[in-house]
Amino acid sequence: QVQLVESGGGLVQTGGSLRLSCAASRSIFSFATMGWYRQAPGNQRELVAVITSGGSTNYADSVKGRFSISRDNAKSTVYLQMNSLKPEDTAVYYCKLNWGALEVWGQGTPVTVSS
């Protein structure tokens, strides 16, 4: 069974930066598509960014130019660099692994951006 462990969330002021990390427990990581999602109170979970096993990336319009997703296959870890944070970025951030029919979610890490 694959497990994902997120870290790096916290409280930051508007305009600040955070880097989230998500470490996978199995070597299938290098073959998997990895994504970051977020869910704010009262809202549905939404896609933030995704990176394929080949390194192709895609971003939600709301974070383009501010957030960057990357991966280190040697460490089985995916990162989300978040810059120029806004109060509307406040949410619980989750990473997700997709490999074939397998879909695994992390437990989430909270991000709060104060105005």
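Using per-residue counts of other Cβ atoms within 10 Å, averaged over each peptide, order 97-103, 66-72, 34-40 from highest down.
The peptides rank, most packed first, as 34-40, 66-72, 97-103.
From the mean inverse distance of alpha carbon pairs (Kirkwood) and the Cα radius of gyration, derive Rg over Rh for the chain.
Radius of gyration over Kirkwood radius for the chain works out to 0.95.
Just to verify a number: FRET efficiency for S17 and N98, C-beta to C-beta distance, R0 = 30 Å, to 0.05?
Computed FRET efficiency for S17 and N98: 0.65.
Keeping every protein chain present and rolling a 1.4 Å probe, give me the accessible area per residue for the chain in Å².
Per-residue accessible area for the chain comes out at 51 Å².
Run the simple label-point estimate for W105 and Q39 please: 7 Å along Cα→C-beta, distance reported in nm.
Result: 0.4 nm between the two label points.
As I understand it, the dipole of the chain uses +1 on the Cβ of Lys and Arg and -1 on the Cβ of Asp and Glu, about the Cα centre. Which of Q107, S68, S84 lies farthest toward its positive end?
S68
Please list, in chain and number order, the residues 5+ apart from N58 or on another chain whose amide H is under 5 Å from its amide H, with Hs placed from the backbone.
Those lying under 5 Å, H to H, from N58 are V50.
How do T112, T90 stack up against each other in accessible area, from largest to smallest, with a 1.4 angstrom probe?
T112, T90
What is the percent carbon and sulfur in the accessible area of the chain, measuring with a 1.4 Å probe over the protein chains and ignoring ligands?
47
The values are calculated or read from the model by the stated rules, or taken from the named source; none is laboratory data. Computed from a predicted model, the values in this text were never measured in an experiment. Because the Cβ atoms are built from the backbone with ideal geometry, glycine has one as well, and the counts that use them run over all protein chains shown. All accessible areas refer to the heavy atoms of the entire protein, side chains included, with ligands and DNA or RNA removed. Shrake-Rupley method; radii C 1.70, N 1.55, O 1.52, S 1.80 Å.
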